[in-house]
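Taking it in order: structure first as structure tokens, then the write-up.
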Amino acid sequence: MHSFPSSPPSTSHASSSYHHASQNQSRPMGSDETSQSIPGSAASRWLIPLRWLDANLEKCVILVAYSGMAGIIFVEVIRRFVFSQQASWSTSIPILLFLWLTWFGASLNVKQRSHLSLNEIRMRLPYTGQFLCQLLDAVLWVGFGAMVIHFTLDQVALARMNFAIVPGTDNVMQWWFYLATPLAWILILIRVMQNLIIDIRRYRRREPFNLQPSIMD
């Protein structure tokens, strides 16, 4: 005796299977990957301003400080010789703005490795010797920078406690400008550590060090 199926396949089950398959086909390909990549893309978007700030912070400070210095001096020279007038603070604030210009300019030179250095001997050393010199540079930078930050913060605190005012002004505090030195040196140490990380990665990959940077970068 032959056994036969008791009943044919259910039409409702077949229709539901077809409907599920059609939904899968109509779903855009890569939707799962896109939804999973949204957090990463959002994080990368948040990093864009930080990367821009890392690349342009010193340049922005230098531009503002230099423009302020040049603008004050230009206007006050004209007022002095043409109108016989001069603001009493015009000889004080440009000098204090020069602090922001010079120290953040130093940070930019450290970042680009374009500061004054004597690399003739270092370039003649073997590869490991060059790397050890790079490490020595970082140690000296950190040690000297820590001392500068410590003592200049004391100077800022002293000027703040004494309510030292910029000569020729009524309410412009000197410590606002003195703050340039410790802030710039903190940034210098950050640039030193960034360069050190780059040097360590180059040493691991056996790549040449950047001992002749371009000043015009």
What number goes with the only condition from (1) touching a helix residue (DSSP H, G or I) at 6+ places or on another chain (Cβ under 6 Å); (2) part of a helix (DSSP H, G or I); (3) open to solvent by 70 Å² or more (accessible area, probe 1.4 Å) that Gln86 does not pass? (2)
Of all residues making up the range 103-128, the number that are surrounded by 10 or more Cβ atoms within 10 Å (Cβ to Cβ) and without any contact (Cβ under 8 Å) to a residue 60 or more places away in the chain: 6
Cβ pairs under 8 Å, 6+ apart, first in the range 153-180 and free of Cβ contacts under 8 Å to residues at least 24 places away in the same chain and open to solvent by less than 80 Å² (accessible area, probe 1.4 Å), second small (Gly, Ala, Ser) and not in a helix (DSSP H, G or I): Met173/Ala164; Trp175/Ala164
Among helices (runs of 4 or more DSSP H) lying entirely in the range 102-207, which contain 2 or more residues that are over 25 Å from Glu58 (Cα atoms)? 120-123, 127-161, 180-205
Test: residue in the range 196-216 that is open to solvent by less than 40 Å² (accessible area, probe 1.4 Å), in contact with a Phe, Trp or Tyr (Cβ under 9 Å, 6 or more places away or on another chain) and without any contact (Cβ under 8 Å) to a residue 60 or more places away in the chain: no
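The values are calculated or read from the model by the stated rules, or taken from the named source; none is laboratory data. Everything numeric in this text was worked out from a predicted model, so none of it was measured. So basically every Cβ, Gly included, is an ideal-geometry build from the backbone, and we count neighbours across all protein chains shown. Each accessible area value is taken on the protein alone, full model and side chains, heavy atoms only, with ligands, DNA and RNA left out. Shrake-Rupley method; radii C 1.70, N 1.55, O 1.52, S 1.80 Å.
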